[in-house]
Amino acid sequence: MEGYFDSFTILAAFTVGVFVLLLIDLIVLSGKDHHVGMKEATLLTIFWTLVAVAVGVWVFIAGGNELGIEYATAYVAERALSIDNLFVFLVIFNYFALPDLFRSRALLFGIVGALIARAVFIFFAVSIIYIFEPILYLLAAILIFTAYKLITAHDAEVDPSKNLVLRGFRRLYPVTEDYDGHNFFTVKNGIRMATPFALVVIVLASTDVVFAIDSIPTVVGISKNQFIIWSSNAMAVLGMRPLFFLLEGLVNLFRYLSYGLAAILGFIGVKIIIETGIHDQFHDFIHNLGVADDQVSITITLGSLAIVIAILVISVIASVVLPQSEDEHAGPDEVAA
């Protein structure tokens with residue numbers, strides 16, 4: 001049944017479904033600018049999580065246990081990465097003093113940008129891997145380097161003013177300091193100008209490209225199936241908007257998430273190197289531990305899922321248990337100021 005998810009028809013149908021859900025979100029859920037409260041954020045987070053679970057059940061039934069576990073592992077890893085991304089979005093919103101009423105809509109544009117960036121990267125990444133498998137070593141190197149950056153620069157402040165795309169746009173187009181609702185452009189003194197809302201979306205979109213560069217090698221290290229790569233990414237991204245409002249006040253709960261993500265990225269990078277370089281020897285090693293031949297692949301996949309979840313749990317527990325330093329008591333608004 002694994003060939004079921006190799007079908008272009010299934011991939012296309014799923015993609016259409018994703019954008020139908022986005023359209024519903026735009027028309028029904030985000031039709032009006034409003035403050036997203038905890039109740040709404042919780043309900044929407046549950047809704048998008050259930051949609052992701054439904055996709056997972058579909059993969060388990062139609063694709064088998066191994067593909068199902070690959071989807072679950074990829075989804076958990078991408079969901080964790082999305083949490084870290086959300087706190088970067090918070091800094092961006094604070095930097096531009098984006099009114100709370102417009103944050104939901106800005107995030108929706110960010111989600112569309114994230115989906116487009118990931119779709120492009122996934123298409124090219126999978127195509128290149130099929131043609132030239134050693135490219136996996138480059139992806140592994142990207143993951144390990146990203147893990148190193150997360151560990152060494154976890155306290156570095158995100159500064160949207162240094163965004164190259166934003167700086168280039170400011171030079172090409174006049175920008176007003178005043179918001180005009182959620183409009184991208186407004187007219188002042190007879191001059192058509194971009195609004196700060198447009199700048200927020202530009203920074204979100206360019207940031208999405210950077211996130212995709214880190215994200216796609218992660219999921220490629222978990223699965224080589226294009227549907228699994230795309231569906232796990234899409235489901236994680238679709239749940240980002242309500243999750244932002246749910247976690248906005250819980251920054252301290254994820255103080256050590258960057259270390260956990262670094263461990264996950266480093267683990268998957270090493271996994272890629274092992275499976276690409278010494279695939280047969282590694283499988284023989286697992287088999288010699290008493291695992292049946294037909295269960296080796298699923299055992300490795302299940303082990304990867306367990307390791308990813310364990311790392312995330314440990315990072316959250318450490319954030320709760322370990323004391324804060326005085327610098328960490330500064331809230332996100334103070335950090336972004």
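The values are calculated or read from the model by the stated rules, or taken from the named source; none is laboratory data. Keep in mind that what you see is a predicted model, and the values were worked out from it rather than measured. We place every Cβ from the backbone using ideal geometry, glycine too, and count neighbours over all the protein chains shown. Calculation scope for accessible area: heavy atoms of the full protein, side chains included, ligands and nucleic acids excluded. Shrake-Rupley method; radii C 1.70, N 1.55, O 1.52, S 1.80 Å.
With a 1.4 Å probe and every protein chain kept in, tell me what percent of the accessible surface of the chain is carbon plus sulfur.
Working: 11200 of 16350 Å².
Roughly 69 percent, rounded to a whole number.
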*asked:* Running a GNM on the chain with Cα contacts under 10 Å, which residue among Y173, Y71, Y95 ends up with the highest mean-square fluctuation?
replied: Y173
*Using only the Cα atoms of segment 57-126, what do you get for the radius of gyration and for Dmax, in Å?*
16.1, 48
*Of every Cα-Cα pair in segment 108-210, the percent that sits beyond 22 Å*: 51 percent
_Under the 0.36 nm per residue contour assumption, what length would be gained going from the current alpha-carbon distance of L43 and V88 to full extension?_
13.9 nm
_Placing +1 on the Cβ of each Lys and Arg and -1 on the Cβ of each Asp and Glu in segment 163-269, which of Y256, L164, N183 has its Cα farthest towards the positive end of the resulting dipole?_
L164
*With every protein chain left in place, what is the accessible area of K188 in Å² (1.4 Å probe, nearest 10)?*
70 Å²
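Please state the charge dipole magnitude for the chain, taken about the Cα centre, from unit charges on C-beta atoms (+1 on K and R, -1 on D and E), reported in debye and rounded to the nearest 20.
On the way: 17 positive and 30 negative charges, 199 e Å.
The calculation lands at about 960 debye.
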*Cβ under 14 Å from V55's Cβ, V55 left aside: what net charge do those residues give with Lys, Arg +1 and Asp, Glu -1?*
-1
*Report the residue, chosen from L312, L86, L21, that carries the largest GNM mean-square fluctuation when the chain is represented by alpha-carbon nodes joined by springs under 10 Å.*
L21
*What percent does the relative contact order of the chain come to when contacts are Cα pairs within less than 8 Å and at least six residues apart?*
32 percent
*How many lysine pairs does the chain hold where the Cα atoms are under 30 Å apart and the two sit 8 or more places apart or on different chains?*
6
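So for I69, I27, I116, what's the accessible-area order with a 1.4 Å probe, most first?
Numbers: I69 15, I27 110, I116 90 Å².
Listed by decreasing accessible area, they come as I27, I116, I69.
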*In nm, to one decimal, how far is the I317 label point from the V16 one, both placed 7 Å along Cα→Cβ?*
4.7 nm
*asked:* If each residue of separation counts as 0.36 nm, what is the full-extension length gain between F185 and Q295 once their alpha-carbon separation is subtracted?
replied: 33.8 nm
*Leaving ligands, DNA and RNA out of it, work out the accessible area of F185 with a 1.4 Å probe and give it in Å² to the nearest 10.*
80 Å²
*asked:* Under the rule a/c < 1.5 gives rounded, and otherwise a/b versus b/c splits prolate from oblate, where does segment 7-117 land using the Cα gyration tensor?
replied: prolate
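Could you state the orientation-averaged shadow area of the convex hull built on the Cα atoms of the chain, in nm² to one decimal? Before the final figure, lay out each step's value.
On the way: hull surface 75.4 nm².
That works out to 18.9 nm², a quarter of the Cα hull's surface.
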*asked:* Give the separation of the Cα centroids, segment 176-236 to segment 93-123, in Å.
replied: 4 Å
*Leaving out ligands and nucleic acids, note down the accessible area per residue over the chain with a 1.4 angstrom probe, in whole Å².*
49 Å²
_Charge context of V237, other residues only, Cβ under 11 angstrom, K/R +1, D/E -1_ = +1
*Quick one: order S297, S206, S223 from most to least accessible surface, probe 1.4 Å.*
S297, S206, S223
*Can you give the accessible area of L138, probe radius 1.4 Å, in Å² rounded to 10?*
90 Å²
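Using a 1.4 angstrom probe with every protein chain in place, what is the largest-first accessible-area order of S7, S315? Before the final figure, lay out the partial values.
Working: S7 40, S315 10 Å².
My answer, sorted largest first, is S7, S315.
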